[in-house]
Amino acid sequence: MPALLFILDALITLVVIAYLLRLLMPMVRADFRNPIGQAVLKATDPLVRPLRRALPPAGKIDIASLVALLIVQLAGTTLLQLVAGGGFDLAAIFVRGLVGLLQTVLQFYTVAVLLYAVLSWVAPGTYSPANQILGRLCEPLLAPIRRVVPPIGGLDLSALFVLIALQALQILLR
């Protein structure tokens with residue numbers, strides 16, 4: 001049973017990340033024309049497109065994508081709860097779902113910042129679809145730190161400070 005729960009949780013997390021990307025990419029003006037953006041659109045359109053008819057965007061925030069993200073997260077939390085043998089307590093599922101979504105967002109950004117930092121060391125200046133999207137997603141977190149902590153000897157430590165902050169937030173959520 002634990003192996004089944006792990007596999008189910010991993011698959012649900014991947015789907016949640018696709019919907020999270022669908023929400024975040026327009027906010028940071030990432031390019032949906034690259035292969036990663038196209039994959040996100042194809043994976044999330046079946047739920048987002050019908051919602052968009054009823055829920056128009058509000059400024060930079062795509063309300064339909066936000067609602068789709070919440071639906072997927074809460075459905076995944078409910079499924080995991082039922083498979084684990086827990087009862088159907090709506091309030092507990094809602095709270096567990098929101099906390100799980102926050103944890104997923106923090107883990108996503110931890111991995112994104114780490115990958116962005118590693119790619120900047122390994123292949124600086126080269127174009128790749130992943131590097132473009134990672135740059136758009138991570139720069140809003142890194143830029144404020146760079147204003148406070150300048151590079152030391154040409155070494156940018158902003159990613160380190162962001163990773164420490166993200167880990168601290170994850171510890172607070174446990």
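Look through segment 102-115, keep the residues that are aliphatic (A, V, I, L, M) and over 17 Å from A143 (Cα atoms), and return whichever of them is nearest to the chain's Cα centre (by Cα).
Within segment 102-115, the subset aliphatic (A, V, I, L, M) is 102, 105-106, 111-115.
The next check asks that each one be over 17 Å from A143 (Cα atoms); those that pass are 102, 105-106, 111.
Details: L102: 9, V105: 4, L106: 7, V111: 10 Å.
For segment 102-115, the residue satisfying everything is V105.
Quick one: which residue in V148, V99, V122, V118 is loosely packed, with under 14 Cβ neighbours inside 10 Å, under 15 Å from the mean Cα position of the chain (by Cα) and of a type outside the set (G, A, S)? Show your work before the answer.
Numbers: V148 fails: under 15 Å from the mean Cα position of the chain (by Cα); V122 fails: under 15 Å from the mean Cα position of the chain (by Cα); V118 fails: under 15 Å from the mean Cα position of the chain (by Cα).
Going through V148, V99, V122, V118 in turn, the sole match is V99.
Here is a list: P35, P50. Which entry is loosely packed, with under 13 Cβ neighbours inside 10 Å and without any contact (Cβ under 8 Å) to a residue 12 or more places away in the chain?
Working: P35 fails: without any contact (Cβ under 8 Å) to a residue 12 or more places away in the chain.
Exactly one residue qualifies, and that residue is P50.
Can you pull out the residues in segment 1-16 that are in contact with a helix residue (DSSP H, G or I) (Cβ under 9 Å, 6 or more places away or on another chain) and either farther than 20 Å from T44 by Cβ or in contact (Cβ under 8 Å) with a residue 60 or more places away in the chain (or both)? First the steps, then the outcome.
The initial filter retains those residues of segment 1-16 that are in contact with a helix residue (DSSP H, G or I) (Cβ under 9 Å, 6 or more places away or on another chain), namely 1, 4-5, 8-9, 11-13, 15-16.
If the condition is that a residue be in contact with a helix residue (DSSP H, G or I) (Cβ under 9 Å, 6 or more places away or on another chain) and either farther than 20 Å from T44 by Cβ or in contact (Cβ under 8 Å) with a residue 60 or more places away in the chain (or both), then M1, L4, L5, L8, D9, I12, T13, V15, V16 are the ones that fit.
Residues of segment 22-32 being in contact (Cβ under 8 Å) with a residue 40 or more places away in the chain, within 24 Å of G97 (Cβ to Cβ) and among the hydrophobic types (A, V, I, L, M, F, W, C), which ones? Give the derivation first.
Pass one, segment 22-32, residues in contact (Cβ under 8 Å) with a residue 40 or more places away in the chain: 22-25, 28-31.
This time we only want the ones that are within 24 Å of G97 (Cβ to Cβ), so: 22-25.
Listed by number, the residues that qualify are L23, L24, M25.
For residues that are more than 20 Å from R22 (Cβ to Cβ) and aliphatic (A, V, I, L, M), scanning just segment 121-137, find the one that is modelled with the highest pLDDT. Quick ask: steps written out before the conclusion?
First pass over segment 121-137, keeping only residues more than 20 Å from R22 (Cβ to Cβ): 121-128.
In the following step, the residues that additionally are aliphatic (A, V, I, L, M) were identified as 122-123.
Working: V122: 83, A123: 74.
By that ranking, first place goes to V122.
Examine segment 64-72 for a residue that is without any contact (Cβ under 8 Å) to a residue 12 or more places away in the chain and either farther than 18 Å from L5 by Cα or not hydroxyl-bearing (S, T, Y) (or both), and state whether such a residue exists.
So in segment 64-72, the residues without any contact (Cβ under 8 Å) to a residue 12 or more places away in the chain come out as none.
No, that holds for no residue.
Tell me yes or no: at least one residue of segment 61-70 is under 18 Å from Y109 (Cβ atoms) and modelled with pLDDT under 95. Break it down stepwise before answering.
As a first pass, look at segment 61-70 and keep what is under 18 Å from Y109 (Cβ atoms): 61, 65-66, 69.
Filter once more, so that each one left must be modelled with pLDDT under 95: 61.
Yes; the residues of segment 61-70 include at least one that is under 18 Å from Y109 (Cβ atoms) and modelled with pLDDT under 95.
Would it be correct to say that V105 is more than 23 Å from R33 (Cα to Cα), of a type in the set (V, I, T), in contact (Cβ under 8 Å) with a residue 24 or more places away in the chain and surrounded by fewer than 17 Cβ atoms within 10 Å (Cβ to Cβ)? Write out each step before concluding.
Values: more than 23 Å from R33 (Cα to Cα): yes; of a type in the set (V, I, T): yes; in contact (Cβ under 8 Å) with a residue 24 or more places away in the chain: yes; surrounded by fewer than 17 Cβ atoms within 10 Å (Cβ to Cβ): no.
Taking the combined requirement at face value, the residue does not satisfy it.
Looking only at segment 122-138, count every residue that is within 20 Å of Q167 (Cβ to Cβ) and either in a loop (DSSP other than H, G, I, E, B) or without any contact (Cβ under 8 Å) to a residue 24 or more places away in the chain (or both) and tell me the total. Walk me through how you get there before you give the answer.
Keep residues of segment 122-138 that are within 20 Å of Q167 (Cβ to Cβ), which gives 134, 137-138.
Add one more test, that the residue is either in a loop (DSSP other than H, G, I, E, B) or without any contact (Cβ under 8 Å) to a residue 24 or more places away in the chain (or both), and what stays is 134.
Matching residues across segment 122-138 total 1.
Only one of these conditions is not met by A143: (1) over 20 Å from I71 (Cα atoms); (2) modelled with pLDDT under 90; (3) exposed (fewer than 14 other Cβ atoms within 10 Å of the Cβ). Which number is it?
A143 satisfies every listed condition except (2).
The values are calculated or read from the model by the stated rules, or taken from the named source; none is laboratory data. Treat the numbers as computed from the prediction; the structure is a model and nothing was measured. Cβ sites come from the backbone with ideal geometry, for glycine too, and all protein chains shown count toward neighbours.
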